Amino acid sequence: MSNEPIFIVGTPRSGTTLLAAMLSAHSRLDCGPETHFFCHLTRKIEKEISSRNNWPEIAVQYITSLKLTGEYIYKLFDLSRNEIYSFLLDKPPSVNSSLEALTQLHALKLNKHRWVEKTPNHLLFLPKLRKYYPNAFIIRSLRDFRDSALSMSKLPWASKSTIANIFRLNEWYYLSEKYLTVYSNLLVLPYERLIYNPENYLGKVCNFINERFELSMIYNRDEVRHLYSKKEWWKTKVTAPLDKSRCYVWKREMDKDIQLATTYIAMNMLKKYNYEIDVPPPKETIFLFPLTRDFVERNESLFLRLAKERIRLVGCSNIDLLIDAIQYENPSKIVFLYPMNVSLFSQSFSSSESLKAAFKFIKILGHLKKQSIPLYFTDAIKSIFSYELGYAEQIVNSVLRRFTKKLVDNFLKNH
């Protein structure tokens, strides 16, 4: 047996809450509500928490500021500020102690020996998580991405567009995949296999985390009531009997055209994790940037039409992901959806953040030019896909010259 903590991560609607309920039904394990602890942990807060100055007040301040669906997370853990303060008073100033003021303290109150933390979004913060818990066990819950995207469309915080949601999941893939392949003590658990054969796969989970399997993990989940807030109504089914009909829902409930489009968009993710791909190979892959939720929602008919023509559209909204995402997707064309001028980043280059953004974009353009992938620049979406635009070599050079001139002029002006 081990006392190392366990973290459950995954994309939205991938079975993380169900797995948390199963582990929490174990006699030794406890999992509370989502903490979102690493999501809000900035470098400034890390530094302040790790200092002896104002300890533990600064940690208590951070912990009690965290919210989930508008409710304070420490209250969802059924803890008070005084309990958190007292717990931290004898602990060394650290990020670990701060998180454990929620997780470990909650486990102790329930007479459990080992704590589990479940926040799906921590999938995007794996380097930070590993920094503070290098030996922790991480379980990545996995589900057919089309099912996750479809399920998300029924929730208040996600897009009503399944296509917009599948693009969001793609972006999570770009952010996390390189870490999932290099970290040890990490298990990928397919939701579908857990549902179809719970005893076998929970046995594998228990073997991974060095615990004995208990049948209570399957049959006593109805006793686990502290995993979510009252406002998270979509999580209440985790205590119900396992339902095989919740696997591959997209085949029954998703429109055929949306099935085709989402399969093309998520194709690389589906291939990697051996999910069904029953569509003809795409004729080409086109990468769009910046691909925002609003843009996808307004142009959903375009994505559906092009999927019928076997044109696979992918993209991302985050400039920091651009190079990694392009390497994953290996597109035949890259389309920038807005005019590439300095106003894309800022109206003024007086701030350091604007300068950083400009230099970053220049570096990315230079990198893309070396790969000899055709680049297109437009604010007219119709012209992109009727192929009225030519190769943008001259535009790239023009952008570089304009950026460079603007940066140099401002540097001389301010120095």
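In straight Cα distance, which aspartates and glutamates are under 19 Å from Lys178, not counting same-chain residues fewer than 8 positions off?
Correct list for Lys178: Asp320, Asp324, Glu329.
Less than 18 Å from a label point 7 Å out along the Cα-to-Cβ axis of Asn53: which backbone N atoms in the range 60-102 qualify, by residue?
Only 60-62, 93-95 pass the distance filter.
Given charges of +1 on the Cβ of Lys and Arg and -1 on the Cβ of Asp and Glu, with all other atoms neutral, how large is the dipole of the range 114-249 about its Cα centre, in debye to the nearest 20?
Numbers: 23 positive and 13 negative charges, 76 e Å.
Charge dipole of the range 114-249: 360 debye, to the nearest 20.
Tell me which trypsin sites (Lys or Arg not before Pro) from the range 228-264 have a DSSP coil assignment and no more than 15 other beta carbons within 10 Å of their own.
Values: sites: Lys230, Lys231, Lys235, Lys237, Lys244, Arg246, Lys251, Arg252, Lys256; in loops: Lys230, Lys231.
Of the trypsin sites (Lys or Arg not before Pro), the ones in loops of the range 228-264 whose Cβ has at most 15 other Cβ atoms within 10 Å are Lys230, Lys231.
To the nearest whole percent, what portion of all C-alpha pairs in the range 6-246 is separated by more than 22 angstrom?
On the way: 15418 of 28920 pairs.
The answer is 53 percent, as a whole percent.
Sorting Thr239, Thr17 on the 10 Å Cβ count, fewest up front, what's the list? Intermediate values should be presented prior to the final figure.
Details: Thr239 16, Thr17 26.
Fewest to most other Cβ atoms nearby, the residues stand as Thr239, Thr17.
By a straight-distance test (C-alpha under 15 Å), which aspartates and glutamates pair with Lys160 as possible cross-link partners, with residues fewer than eight away in the same chain excluded?
List returned: Asp147, Glu253, Asp255, Asp294, Glu297, Glu300.
Provide the gained length on full extension for the span Val249 to Lys308, in nm with one decimal, where the gain is 0.36 nm per separating residue minus the Cα-Cα distance.
Details: separation 59, 0.36 × 59 = 21.24 nm, distance 2.18 nm.
Roughly 19.1 nm would be gained on extension.
Quick one: of Lys256/Lys369; Lys251/Lys333; Lys91/Lys231; Lys109/Lys230; Lys118/Lys244, which pairs are farther than 27 Å apart, Cα to Cα?
Details: Lys256/Lys369 38 Å; Lys251/Lys333 31 Å; Lys91/Lys231 33 Å; Lys109/Lys230 21 Å; Lys118/Lys244 23 Å.
Listed pairs above 27 Å: Lys256/Lys369; Lys251/Lys333; Lys91/Lys231.
Once you order the gyration tensor axes a ≥ b ≥ c over the Cα atoms, which shape class does the range 152-255 get: rounded for a/c under 1.5, otherwise prolate or oblate by comparing a/b with b/c? Show your work: numbers first, answer last.
On the way: a/c = 1.73, a/b = 1.21, b/c = 1.44.
It is oblate, given that a/c is not under 1.5 and a/b is not larger than b/c.
How far, in nm, would the chain grow between Lys178 and Asn330 when pulled straight, counting 0.36 nm per residue and subtracting the alpha carbon separation?
Numbers: separation 152, 0.36 × 152 = 54.72 nm, distance 1.58 nm.
Gain on stretching Lys178 to Asn330: 53.1 nm.
Can you put Tyr183, Tyr173 in order of Cβ neighbours within 10 angstrom, beginning with the fewest? Spell out each step's value before the answer.
Working: Tyr183 14, Tyr173 20.
Placing the least packed residue first, the sequence is Tyr183, Tyr173.
Straight-line reach from Lys67: which aspartates and glutamates fall under 19 Å, measuring Cα to Cα and dropping same-chain residues less than 8 apart?
Straight-line reach from Lys67, under 19 Å: Glu34, Glu46, Glu57, Asp78, Glu83, Glu100, Glu117, Glu232.
Return the FRET efficiency for the residue pair Leu321, Lys370: r is the Cβ-Cβ distance, R0 is 22 Å, and the value is rounded to the nearest 0.05. Don't jump to the answer; show the numbers that get you there.
Numbers: r = 19 Å, r/R0 = 0.85.
FRET efficiency, Leu321 to Lys370: 0.70.
Fewest first, what order do His226, His40, His106 take by the number of other Cβ atoms within 10 Å?
Ordered by Cβ neighbours within 10 Å, fewest first: His40, His226, His106.
How many angstrom lie between the C-alpha centres of the range 256-328 and the range 28-89?
38 Å
Just to be sure I understand: if I project the alpha-carbon convex hull of the range 1-125 onto a plane and average over all orientations, what area do I get in nm²?
It is 7.7 nm².
The numbers here are math on the coordinates, done by the rules we state, and not lab data. What you see is a predicted model; the values in this text were computed from it and never measured. Every residue, glycine as well, gets a Cβ built from its backbone with ideal geometry; the counts of neighbours run over all protein chains shown.
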